[in-house]
1. Kindly list, by first and then second residue, each pair from a residue in segment 1-27 that is under 15 Å from residue 214 (Cα atoms) and modelled with pLDDT of 95 or more to a residue that is among the β-branched types (Val, Ile, Thr) and not in a helix (DSSP H, G or I), limited to pairs with Cβ atoms under 6 Å and residues at least 6 apart or on different chains.
2. Would you be able to say whether some residue in segment 283-291 is touching a residue at least 40 places away in the same chain (Cβ under 8 Å) and within 21 Å of the chain's Cα centre (by Cα)?
3. Out of all the residues in segment 8-42, which are open to solvent by less than 20 Å² (accessible area, probe 1.4 Å) and either of a type in the set (A, V, I, L, M) or not in a helix (DSSP H, G or I) (or both)?
4. Show me the helices (runs of 4 or more DSSP H) entirely contained within segment 267-363 in which 3 or more residues are open to solvent by 30 Å² or more (accessible area, probe 1.4 Å).
5. Just the residues that are more than 30 Å from residue 195 (Cβ to Cβ) and among the acidic types (Asp, Glu), please, taken from segment 235-255.
6. Scan segment 97-105 and tell me whether some residue there is surrounded by 17 or more Cβ atoms within 10 Å (Cβ to Cβ) and over 21 Å from residue 333 (Cα atoms).
7. On the basis of being open to solvent by 80 Å² or more (accessible area, probe 1.4 Å), in contact with a helix residue (DSSP H, G or I) (Cβ under 7 Å, 6 or more places away or on another chain) and in contact (Cβ under 8 Å) with a residue 40 or more places away in the chain, does residue 194 make the cut?
8. Do we find that residue 69 is open to solvent by less than 10 Å² (accessible area, probe 1.4 Å) and in contact (Cβ under 8 Å) with a residue 12 or more places away in the chain in this structure?
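The values are calculated or read from the model by the stated rules, or taken from the named source; none is laboratory data. Just so it is clear, the model here is predicted, and its values are computed rather than measured. Please note: Cβ atoms are built from the backbone with ideal geometry, for glycine as well, and neighbour counts cover all protein chains shown. Accessible surface areas use protein heavy atoms only, side chains included; no ligands, DNA or RNA. Shrake-Rupley method; radii C 1.70, N 1.55, O 1.52, S 1.80 Å.
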Amino acid sequence: MAKKSILNEQSLSFLENYLNNAAPTGYEWEGQKMWMKYLEPYVDTFITDTYGTAVGVINPDAPYKVVIEGHADEIAWYVNYITDNGLIYVIRNGGSDHQIAPSKRVNIHTKKGIVQGVFGWPAIHTRPRGPKEQAPTLENICIDVGCTTKEEVLALGVHVGCVITYPDEFFVLNENKFVCRALDNRMGGFMIAEVARLLKENGKKLDFGLYITNSVQEEIGLRGAEMITETIQPNVAIVTDVCHDTTTPMIEKKTQGETKIGDGPVIAYAPAVQNKLRELLIDAAEEAEIPFQRMASSRVTGTDTDAFAYSNGGVASALISLPLRYMHTTVEMVHREDVENVIKLIYESLLKIKAGDTFSYFD
């Protein structure tokens, strides 16, 4: 007998609209407004900051504070140089992959609205074959907006500093694979919002303040989390991000470990992960019969976990990752069951946390 899905029609409609909205690093606010509107029935109040991080709060007066967190931004490009004959060269905004750019459509965001363009690439007939064939690099990929002069480009409203995103939209592959750009990590914001919904609908009362945090600017160095943790000053942080499905071709498991979509949430081991909090997550998974995987990170997790863990004199922090294929491409892919199980794992873990827990090794 198939298990009942915790995602309803309203949830999935929000997810699609949220993913399809562009929210590049530094320009997350329209997506944040959508997220806050969806979350509003399930929280008591909101906190926002000057750079756009949004936090829904349950029990805002409680002295003990627990964060559940994802990040809202997506990789993008900036217009960096416009040639005299109207071609546009770019620099990265976040970890954009130059190798996937050729032949991709793009949206250039201007004060006059969206200007469409394409990353052009020389035809195969015209390129030298063999070892002399050039691969895409930041120096040779460029955007064509159909203009023949720099003046035409400027007249469209395009100038140095305009941000550029891909328009690729959400779809479902083979019934249970969600595919879109920006699953890294718009899925995190979606999943923590669903945790808030379940708490409300199931009538669960927490004895601590819960801060459902959708941070900005993770893709350029965890900056939003660095700012908002100083504002909240939490006692505990459970961060959710994505990690690699390492079972696809060209990934070496000996160095990257083995994690796979469909096999459950991934619980991290790393110096920034507080061991007792991690064990609470594992206990929650085992007691609720939620499948999970394990992942080890050397030195840093590379996620907002690091920003929370090392703030405010040290915050007990843990990381639950959603396994994902083809990270930082326009066809990022996750398994629906993993999405539901990450939501369940965060939900069940919150029910095990008690106000005043120190997670100290010395108690």
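1. Note: pairs meeting the criteria are 24/163; 24/165; 27/163.
2. Just the residues of segment 283-291 that are touching a residue at least 40 places away in the same chain (Cβ under 8 Å), to begin with: 283-285, 287-288, 290-291.
Filter once more, keeping what is within 21 Å of the chain's Cα centre (by Cα): none.
Scanning segment 283-291, I find no residue that is touching a residue at least 40 places away in the same chain (Cβ under 8 Å) and within 21 Å of the chain's Cα centre (by Cα), so the answer is no.
3. Residues satisfying the conditions are 15, 19, 23, 24, 25, 28, 39.
4. On the way: elements: 275-287, 304-309, 336-352.
By residue number, 275-287, 336-352.
5. Within segment 235-255, 252 is the sole residue that qualifies.
6. Within segment 97-105 (the criterion being surrounded by 17 or more Cβ atoms within 10 Å (Cβ to Cβ) and over 21 Å from residue 333 (Cα atoms)), the answer is no, since none of the residues qualifies.
7. On the way: open to solvent by 80 Å² or more (accessible area, probe 1.4 Å): no; in contact with a helix residue (DSSP H, G or I) (Cβ under 7 Å, 6 or more places away or on another chain): yes; in contact (Cβ under 8 Å) with a residue 40 or more places away in the chain: yes.
No; evaluated as a whole, the condition is false for this residue.
8. Values: open to solvent by less than 10 Å² (accessible area, probe 1.4 Å): yes; in contact (Cβ under 8 Å) with a residue 12 or more places away in the chain: yes.
Spelling it out, residue 69 is indeed open to solvent by less than 10 Å² (accessible area, probe 1.4 Å) and in contact (Cβ under 8 Å) with a residue 12 or more places away in the chain.
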